[in-house]
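None of the figures in this text is laboratory data; all of them are computed from the coordinates on show. The structure presented is a predicted model; accordingly, all values stated were derived computationally and were not measured. Ideal geometry is used to build each Cβ from the backbone, glycine not excepted, and the neighbour counts take in all protein chains shown.
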Amino acid sequence: MANQRDVAKEAGVSSASVSRYLNNQNLVRSDTAKRIKKAIKKLNYRADYSAMSLKTGKFFRIGIIVPSNGPFYWQILSEIEKILSAAGYFTNVYFVRKINIGGNYHNFNFSLINNRQVDGFILFPLMRDTDNEIISRLLTVNEKFVVIDREFENKAINQVVVDNYRCGTTAAELLINSGCRKPLFIWGFKDMWSSQMRYNGFRETFNNAGILFDETREISGEFNAEYTYDYVKTQFSAIPAFDCVFASNDFSAMGFMKAASEHGLSAGKDYKIIGFDNCETSPFFDTPLTTFSQPLNEIGEIAAKMLLDLLGNRVLKENKILLQGSLIKRDTA
């Protein structure tokens, strides 16, 4: 079985260069990296990460904390895994268990931080209190981590954020300019930062235009088609008159459209509706859904590269990256 010295000899480089490459490909010149990569492939070399961990104190593992599964996470996770794997890291995804909708949402195993089982973390937003406790512990023990899709004023927190507030204002501006004056907003989770920002931008834009937006125009959705459908179907008579809707995600929009259709209303004709996330089925609704697309691959790429820089003790040019969502106009608005 080939060892590290064999790889160095085949590539025509020093063992130290191979070691640096295995620790982080960015530590060696690109032409050297190509030669080492070619030698590794030719010799079918497999790094002994247990031995490397004993020598370097590194685990070559990244912990990714995710609240649940779903298309938003899958695409970002795929990009993160691709980049970290190429840099020699394994990724451990920790799904945080949901324990009570409407109450105490999540339960996190803090031994992941306390026992230092990974080299760094990428954190997707959970709920505010849980986020704050996890991040407080990460900062206390000086862990290297990046937060995705929640904005913090604390400049010590590395973050990659989509401008959800601006998406909310854009949705409201489109609907107002289309003549809409009776809005509804479908929530995701009220304690989730992205959902709150979409709501704030949407509500404030209507209020600033002199169009009353109060709590009677808020609908519970929880990012779920079935939940939204059941809620709207049973509560339809209590919902105030509306001519437009902004849903926190496409699944909530789907549930609303189905329930409204059962009450004789057609999306795009009797009311306008905008979703969020541009899920793969949104162009194929009976009335194709106008929605926002997020730069998911870019989010994953930036977060992974930011964490690699932290692990390599390189100074970040920026540690807060603000990205924009894109409005995709279809037939519902």
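Observations on the model:
- The residues Asp243, Asp250, when put in order of fewest to most other Cβ atoms within 10 Å, stand as Asp243, Asp250.
- For the range 239-317, applying the loop criterion from DSSP together with a ceiling of 13 other beta carbons within 10 Å to the GluC sites (Glu not before Pro) yields Glu262, Glu280.
- Proximal charge balance of Ile302 [Cβ under 15 Å; K/R count +1, D/E count -1]: -3
- 0 to 90° range, to nearest 10: angle between helix 193-208 axis and the chain longest Cα axis: 40
- When percent of Cα pairs over 33 Å apart is calculated for this entry, the matching label among [x] 24; [y] 43; [z] 38 is [z].
- Cysteines of the chain lacking any other cysteine Cβ under 4.7 Å from their own Cβ: Cys167, Cys279.
- Projected onto planes of every orientation and averaged, the convex hull of the alpha-carbon atoms in the range 235-291 covers 3.6 nm².
- Contact order for the chain, expressed relative to its length and based on alpha carbon pairs under 8 Å spaced 6+ residues apart, stands at 16 percent.
- Ellipticity estimate at 222 nm from DSSP helix runs (n ≥ 4, -39,500 (n - 2.57)) divided over the chain, nearest 500: -13000 deg cm²/dmol
- Net +/- balance of residues flanking Asn26 in space, Cβ distance below 12 Å, scoring K and R +1, D and E -1: +3
- The range 164-293 shape via C-alpha gyration tensor axes, a/c threshold 1.5: rounded
- The ranking of Cys279, Cys244 by Cβ neighbour count inside 10 Å, starting from the fewest, reads Cys279, Cys244.
- Relative contact order %, the range 246-329, counting alpha carbon pairs below 8 Å whose residues are six or more apart: 26
- Rounded to 5, the percent of DSSP beta bridges in the chain classed as antiparallel: 15
- Less than 5 angstrom separates the built amide H of Tyr271 from those of Ser266, all sequence-distant by 5 or more or on a different chain.
- Applying a threshold of 22 Å to the alpha-carbon distances of Lys155/Lys317; Lys37/Lys320; Lys34/Lys144; Lys34/Lys82; Lys233/Lys329 flags Lys37/Lys320; Lys34/Lys144; Lys233/Lys329 as lying beyond it.
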